[in-house]
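See structure below.
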Amino acid sequence: MKPTVIGDCTLYLGDCLEIMPTLGEVDAVVTDPPYGMAFRSNHRAEKHERIAHDDDVQMLQKACNISPNHSAYVFCRWGDLLDVPRPRSLITWVKNNWSMGDLEHEHARQTETILFYAGPDHFFPKGRPQDVIRAPRSNNELHPTQKPVELMRAVVEWTSGIVLDPFMGSGTTGVACAKLGRKFIGIELEPKYFDIACKRIEDAYKQGDFFIEAPKPKATQTALDLDAAE
């Protein structure tokens, strides 16, 4: 399957279970897979369709078992912790709103969980980070579980090497990588979201990012003309 290449981002439209075995070793995984929510938006003028493979935790389990060289960061909900391999850390994303859930018998949730798995070549690129991250949620206009770029950018900065997102959705992880100058591989099953991801990543490259220092020109040595200097 021929991918779409945009800058340093390589994007595949198709089933990640078929595409991932063709990729070889993976450096880092940052992904928000379907994890059994059976999510469908019913509170918007334009309702999102159901997310593929979101009826159980099989795709979440697949994501947690990729075993990258550096690290994996996988989004899930707290109720999935018994269904996945034990992580090295649980990162809590604190949002600026809360989920509906059970209004009578459940505390209002203002957080989501990210599973952290360290690979054999793991190190913290910017020193040891905290296990709590704060970022306002997105408005989910492009995808029912769309994550904010600010959040995904912070997570990507905890990783090293090429970043893989096998459940790319609207491409937020790819946008973060484009802004950070990182190489990215994204896979998305749904053509609608794949097209959105391509457009967003293209726009990210056009806009650039002022947090990335522009490359400095290489110093060159010029031979002195001794005769002219006399």
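The values are calculated or read from the model by the stated rules, or taken from the named source; none is laboratory data. It should be emphasised that the depicted structure is a prediction, and the values quoted were computed from it without experimental measurement. Note that we place each Cβ from the backbone using ideal geometry, even for glycine, and neighbour counts take in every protein chain shown.
Could you grab the pairs with beta carbons closer than 9 Å, sequence gap of 6+ or different chains, first residue in the range 1-29 and of a type in the set (S, T, N, Q), second one assigned to a strand (DSSP E or B) and buried (at least 20 other Cβ atoms within 10 Å of the Cβ)?
From the range 1-29, the pairs are Thr4/Leu11; Thr4/Tyr12; Thr4/Leu13; Thr10/Phe184; Thr10/Ile185; Thr10/Gly186.
I need a count of the residues in the range 78-94 that are out of contact with any Asp or Glu (no Cβ under 7 Å at 6 or more places or on another chain) and surrounded by fewer than 18 Cβ atoms within 10 Å (Cβ to Cβ).
Residues of the range 78-94 that are out of contact with any Asp or Glu (no Cβ under 7 Å at 6 or more places or on another chain), as a first pass: 78-88, 94.
From what's left, surrounded by fewer than 18 Cβ atoms within 10 Å (Cβ to Cβ): 78-79, 81-83, 85-86, 88, 94.
Number of matching residues: 9.
Would you pick out the residues in the range 67-89 that are assigned to a loop (DSSP other than H, G, I, E, B) and not hydrophobic (A, V, I, L, M, F, W, C)?
Residues satisfying the conditions are Ser67, Pro68, Asn69, His70, Arg77, Pro85, Arg86, Pro87, Arg88.
Out of the strands (runs of 3 or more DSSP E) lying entirely within the range 90-186, which hold 3 or more residues that are modelled with pLDDT of 95 or more?
Once the strands (runs of 3 or more DSSP E) in the range 90-186 are filtered for at least 3 residues that are modelled with pLDDT of 95 or more, what remains is 111-118, 163-165.
Filter the range 1-49 for residues that are over 19 Å from Leu189 (Cβ atoms), at pLDDT below 70 and aliphatic (A, V, I, L, M) and give the result.
Ala45
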